[in-house]
Amino acid sequence: PLICRLLLNMYINQKLRVKWAGTYSEEFTVTNGVKQGGVISPILYCVYIYIDGLINELKASGVGCFMTKVYAGIFIYADDLKLLAPSVHALRIMLNICLNYASKFDVKFNDK
């Protein structure tokens, strides 16, 4: 289908350079990940790391905040993730779940 070809053309054999302080880096090939700032990036990011699985793992753990019976322990938009926990201990458990899940998909978290 056309949409698949468009996505492949956007992401296969992608070469990038980084601009910092007015200077460009050497060109390098990007082999994985989702472009930041693209219109469809939030959707692609969710698909890319199967984020539903992380939500399900956190919910199944029973750790985190609930509003009545609705799980409210994680809020996600594209590559931004926020955890909501009732205690520091619960937050540590949730962080460990996230780190273990991310290691399955070779995803690195930035705590900034």
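Anything in region 3-28 that is over 28 Å from residue 76 (Cβ atoms) and modelled with pLDDT of 85 or more? List them, or say none. Break it down into steps so the answer makes sense when it comes.
Filtering region 3-28 for residues over 28 Å from residue 76 (Cβ atoms) gives 5, 13, 15, 17, 19-28.
Answer for region 3-28, where residues must be over 28 Å from residue 76 (Cβ atoms) and modelled with pLDDT of 85 or more: 15, 17, 19, 20, 21, 22, 23, 24, 25, 26, 27, 28.
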Item to complete: Could you list all residues from region 29-43 that are surrounded by 12 or more Cβ atoms within 10 Å (Cβ to Cβ), not in a loop (DSSP other than H, G, I, E, B) and not hydrophobic (A, V, I, L, M, F, W, C)?
Response: 41, 42
Worksheet item: What are the residues in region 8-28 that are closer than 17 Å to residue 43 by Cα and either touching a residue at least 12 places away in the same chain (Cβ under 8 Å) or exposed (fewer than 10 other Cβ atoms within 10 Å of the Cβ) (or both), if any?
Response: 10, 11
Item to complete: Go through region 59-97 and give me each residue that's touching a helix residue (DSSP H, G or I) at 6+ places or on another chain (Cβ under 8 Å), under 20 Å from residue 36 (Cβ atoms) and not aromatic (Phe, Trp, Tyr).
Response: 76, 78, 79, 81
Practice prompt. Go through region 57-108 and count every residue that is in a loop (DSSP other than H, G, I, E, B), touching a Leu at 6+ places or on another chain (Cβ under 7 Å) and among the hydrophobic types (A, V, I, L, M, F, W, C).
Written response: 3
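The values are calculated or read from the model by the stated rules, or taken from the named source; none is laboratory data. This is a predicted model, so every value here is computed, not measured. Note that each Cβ is placed from the backbone with ideal geometry, even for glycine, and that neighbours are counted across all protein chains shown.
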